[in-house]
Amino acid sequence: MGHLREVFAAIVILVFGALSVHGQTISDGDDWSMPSWVQASPGTGFYSEEIAPAFEVHVRSVDVSWRQLNPAQGVYSTSTTGAAQGMNFPSLADQLADQSPFWMRIWASGVDWAPEWVVAECGITQSWPDYDDQEHLPIWDSCVWGHLMNLYRHFFIDQNLRADPRFRFIYVPGAFTWCEFDFEIIDAAAGDGLTFPTFNTWFQQAMIDMVEIFNGENTSTADDYSHKLVFTGEDYPWSRWDELDDLLARDAVSAGLGIRNGITELSNFHLSHIPAYGTTIAADGHMVTDESWQLFDGKRVIGTENECYNDCGFSTTDPYYAVKMSNLKALQMRVNWLYVYPGPSYMATYPEHWEWVRLSLGQSASTSPDAWVALREAEDRYWLEDDSHTWPNKPWVRNLERWLVHSDVAPDGQSRRGTDVRTGVLDPDNGTAYEGRRTDIAGGQDFLYFFVDEGFVSGEAPAMGIKVTFVDTGTSNWRVEYLSTAGMTQTPSVSNTDSGTVKTATFTVSDAVFSAGLTEGADFRIYCGGAEDLEVRFVRLIKLSSSVIFADGFESGDTGAWSSSTQ
């Protein structure tokens, strides 16, 4: 094993040239570079209304209304055109003639989307308007739902559309505005007498109905495709039922569906305590993700949409910040499918960042090339008015973390808020965020401590990259410290130049041992000496080899080349 380590270290020196085993380089701005061996995780990617290969968007939408597919009772059509939400839809046959991969929406709940015969057959006399003044039917009505499920049986079982290899996923249940299952219509119906027990009885069975149809309504597992179902509701919806409906999205996932959120652009709001995504706010204010949560089975869709920055009623003078934070939020949520619109999503403007996002989608701790933490403190203003979940420093939430955690540690690692203060980005609901964390040398706090998830790497590791994005203020000297087989080891020091800009320092190490051997079980730390504090914004730990290394063995892999692209 020792011989292999020496060979691997030599390869690292050969590939990286000036980067020695404990090398260090400094670049301007954020650094999103990945080793060249990294590939996108299978079954993940960007999706949109139309494909855009130049931006790696290869999955288009197929949109049809219930009315166009089912114009008369017992009659199903693939040649009829349709419309919904101000859009005109070609026939299903025409849309499926395109051989490219697709995702799907069946627009079902609108009075103008559903077949007229359903209203008459089911005796529906009441509907409710959404914010676009579209009227919606009670999709929870057993007669309405039964006819919609008959449509599903015809196309997804009888015609076996669910098995089409081009078919990636479908938004369900097909309600309400933009096929997003928010509670605006449901709440209006509740005001007219709909009770939660009645609704919940329908909801729980409705999730089962869709799963059973996509699994063929049989006992065989060979034709199960329920992982293609994507529930479009969310944790803690706004309604008059208060806590009764808080966990319906979690229930949908428990029934076997995937899930999608449509508003991660507001990266601080309503997205911290999200049981449907396996993430909860712990007592220390950190978001903790249960990696064993059934959603992470490697097949289901975990989706969100990031395209509204200077669009959809939002505006910002700093789109890079808004794009970056919404994508960090999406990745912290373990998203594997991300809706984008290349122009409004600023994909051409920030290509290095978007490529990093693409390569990160759907990775697990064991397959991910990097683990990272965005050091920050932000308020989730949703929790100012909801006491169903609480923690000591509510509503403040610490960091965005993905298999790498920064925690305050006594006696010498208690950090302070960063100096970059952002308030109401895109919308007042997004609250205030303090980006970065600082040492407090005057108070005897010289260190920032970091903890590596054992699922990412543990024990003796091969060559690793450590990227520290920091604010270059003052003239402090700082370094990374970690345990190696030789004991406490230090990287070369970085001397700040007081430029006032954000920079990224990259360290390459080949002898780290991630054994939780530092204070309170930390794996490595940043030390800042002297009289001036260090402010850190973002830290990434990167596997420079394609091998996954654990404490019980060493295996060399493809090192590839490691570029240094910045934004």
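The values are calculated or read from the model by the stated rules, or taken from the named source; none is laboratory data. These numbers come from a predicted model, not from an experiment. Reconstructed Cβ throughout: ideal geometry from the backbone, glycine too, with neighbour counts over all protein chains shown.
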Filter segment 84-104 down to residues that are within 10 Å of V64 (Cα to Cα) and in a loop (DSSP other than H, G, I, E, B), then give me how many there are. 2
Scanning for something among the hydroxyl-bearing types (S, T, Y), touching a helix residue (DSSP H, G or I) at 6+ places or on another chain (Cβ under 8 Å) and under 23 Å from W103 (Cα atoms), does segment 285-301 turn up at least one residue? no
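Just to be sure, is R334 within 9 Å of the chain's Cα centre (by Cα) and either more than 22 Å from E234 (Cα to Cα) or part of a loop (DSSP other than H, G, I, E, B) (or both)? Explain how you work it out, then say what you get.
On the way: within 9 Å of the chain's Cα centre (by Cα): yes; either more than 22 Å from E234 (Cα to Cα) or part of a loop (DSSP other than H, G, I, E, B) (or both): yes.
Criteria met by R334.
Looking at segment 414-451 only, could you name the residues that are of a type in the set (A, V, I, L, M) and either assigned to a strand (DSSP E or B) or surrounded by 16 or more Cβ atoms within 10 Å (Cβ to Cβ) (or both)? Spell out how you get there, then give the answer.
As a first pass, look at segment 414-451 and keep what is of a type in the set (A, V, I, L, M): 421, 425-426, 433, 441-442, 448.
Result: V421, V425, L426, A433, I441, L448.
Filter segment 107-151 for residues that are touching a strand residue (DSSP E or B) at 6+ places or on another chain (Cβ under 9 Å) and of a type in the set (F, W, Y); which is surrounded by the fewest Cβ atoms within 10 Å (Cβ to Cβ)? Can you show your working first?
Applying the first criterion (touching a strand residue (DSSP E or B) at 6+ places or on another chain (Cβ under 9 Å)) to segment 107-151 yields 107-115, 117, 127-130, 134-138, 148, 151.
Going one step further and asking which of them are of a type in the set (F, W, Y), we end up with 107, 113, 117, 128.
Numbers: W107: 27, W113: 25, W117: 16, W128: 20.
The extreme case among them is W117.
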Could you check how many residues of segment 169-197 are closer than 25 Å to F46 by Cβ, touching a helix residue (DSSP H, G or I) at 6+ places or on another chain (Cβ under 8 Å) and surrounded by fewer than 20 Cβ atoms within 10 Å (Cβ to Cβ)? 1
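Within segment 340-374, restricting attention to residues that are among the β-branched types (V, I, T) and under 17 Å from M34 (Cα atoms), which residue is surrounded by the fewest Cβ atoms within 10 Å (Cβ to Cβ)?
Here is the first cut: in segment 340-374, the ones among the β-branched types (V, I, T) are 340, 349, 357, 367, 373.
From what's left, under 17 Å from M34 (Cα atoms): 357, 367, 373.
On the way: V357: 24, T367: 15, V373: 27.
Applying the filter and picking the extreme gives T367.
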May I ask you to list the residues in segment 213-233 that are touching a helix residue (DSSP H, G or I) at 6+ places or on another chain (Cβ under 8 Å) and surrounded by fewer than 19 Cβ atoms within 10 Å (Cβ to Cβ)? E217, D223, D224
Flag if N200 is in the same structural domain as C143 (by TED's automatic domain parsing), out of contact with any helix residue (DSSP H, G or I) (no Cβ under 7 Å at 6 or more places or on another chain), touching a residue at least 24 places away in the same chain (Cβ under 8 Å) and not in a strand (DSSP E or B): yes
Quick check, is R166 in contact with a Lys or Arg (Cβ under 9 Å, 6 or more places away or on another chain), of a type outside the set (A, V, I, L, M, F, W, C) and more than 30 Å from E243 (Cβ to Cβ)? no
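Over 15 Å from the mean Cα position of the chain (by Cα) and in a helix (DSSP H, G or I) - does that describe any residue in segment 320-331?
We begin by selecting, within segment 320-331, every residue over 15 Å from the mean Cα position of the chain (by Cα); these are 320-321.
So of that shortlist, the ones also in a helix (DSSP H, G or I) come out as 320-321.
Taking every residue of segment 320-331 in turn, at least one turns out to be over 15 Å from the mean Cα position of the chain (by Cα) and in a helix (DSSP H, G or I).
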